[in-house]
């Protein structure tokens, strides 16, 4: 088949045509143009690290393919490097199986290298994953997906219609949780004060500098980035709690509630605290559960690639980690990367133990 589309860079005004493509690709979402444009401007033009690079496939004046990359600062070892994160890949249904995905991404990778950006990260869905691998990406790890039921009977009601089975599953489910997954006693800190904040102040930069060396590869969590990611995002409200000890920040947590069709879920977008202080993380998770209960949430979610010490705290707080949840509740189960960095070995990036990744590091809002 003769290829009639061509690849070019984004130019001002293309966002309206991109919206038309998104309506076709995600027809089930019932997108609203004005709301989507606010999100688009925030995501691609207001990022404090820099303006995104967007590569498009066009045919007869219509955008039929979309491959954007947003900038991020990442600490790799002791060095801060700029990377791209690949998000919102789209191909018009009428133009699939024409090599568009590979062509767009090849162009994006070539242009990134010309800019001196040698590392690309992403959370590909099941459709995009094979194309990434063909273009030289590599697996780092599946995200560990955890959940904590707060109202098991309502969760079961949302998934099972038979009344008898609902009762059986609820009784046995509560029994299993009590026997194997109930919350265990954790250390507490009497001097800890946890309070809600509307935005991050300058002292978050001091906290970042103090704690960042605990992680070998981590997105830079400074004031500019955190306020862009969680405060300035349009039409979305996050709940942010900060833990202080002797007046200084020693941890924070970011939460969001989502009303779904038959149940209400709460997501922990990130929790950041010293790994050697499980009492701080535990206290922040307790505050999260308190908030979610006040909002009538049925199920709490978290996802991460992190030090086993952090995962252990979540488990002690009653979170259940299961591979089943990856396929059941999310299409974002894999974290991948691409690198041509001349000085940092590829094996360093391939080792999942070097990474600290949570839900907030993705483009999910």
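Each label was represented as a point 7 Å from its Cα along the Cα-to-Cβ direction; for residue 171 and residue 228 these points are 5.5 nm apart. Using a simple spin-label model with pseudo-atoms 7 Å out from Cα toward Cβ, residue 12 and residue 235 lie 2.4 nm apart. Springs between Cα atoms under 10 Å define the GNM used for the chain, and in it the highest mean-square fluctuation of 156, 194, 117 occurs at 156. Extending 7 Å from the Cα toward the beta-carbon at both residue 276 and residue 138 defines two label points whose distance is 3.2 nm.
The mean sequence separation of alpha-carbon pairs under 8 Å and at least six residues apart, normalised by the residue count of the chain, gives a relative contact order of 21 percent.
Three semi-axes describe the equivalent ellipsoid of the stretch 1-126; taken as square roots of 5 times the Cα gyration tensor eigenvalues and ordered largest first, they are 25, 18, 13 Å. Ordering 296, 259 from the fewest to the most neighbouring beta carbons within 10 Å gives 259, 296. Counting every other Cβ atom within 10 Å of each residue's Cβ, 81, 64 order from fewest to most as 81, 64. A straight line joining the Cα centroids of the stretch 124-199 and the stretch 212-244 runs 22 Å. Rounded to the nearest 0.05, the FRET efficiency derived from the C-beta distance between residue 115 and residue 193 at R0 = 45 Å is 0.55.
Look at 272, 180 and count the other Cβ atoms within 10 Å of each Cβ; fewest to most, that gives 180, 272. For the chain, the alpha carbon positions stretch 64, 54, 39 Å along the principal axes, listed from largest to smallest.
Bear in mind that the values in this text are calculations on the coordinates, not laboratory data. Predicted model only: the values in this text are computed from it and were never measured. Quick reminder, even Gly has a Cβ in these numbers, built from the backbone with ideal geometry, and neighbours come from all protein chains shown.
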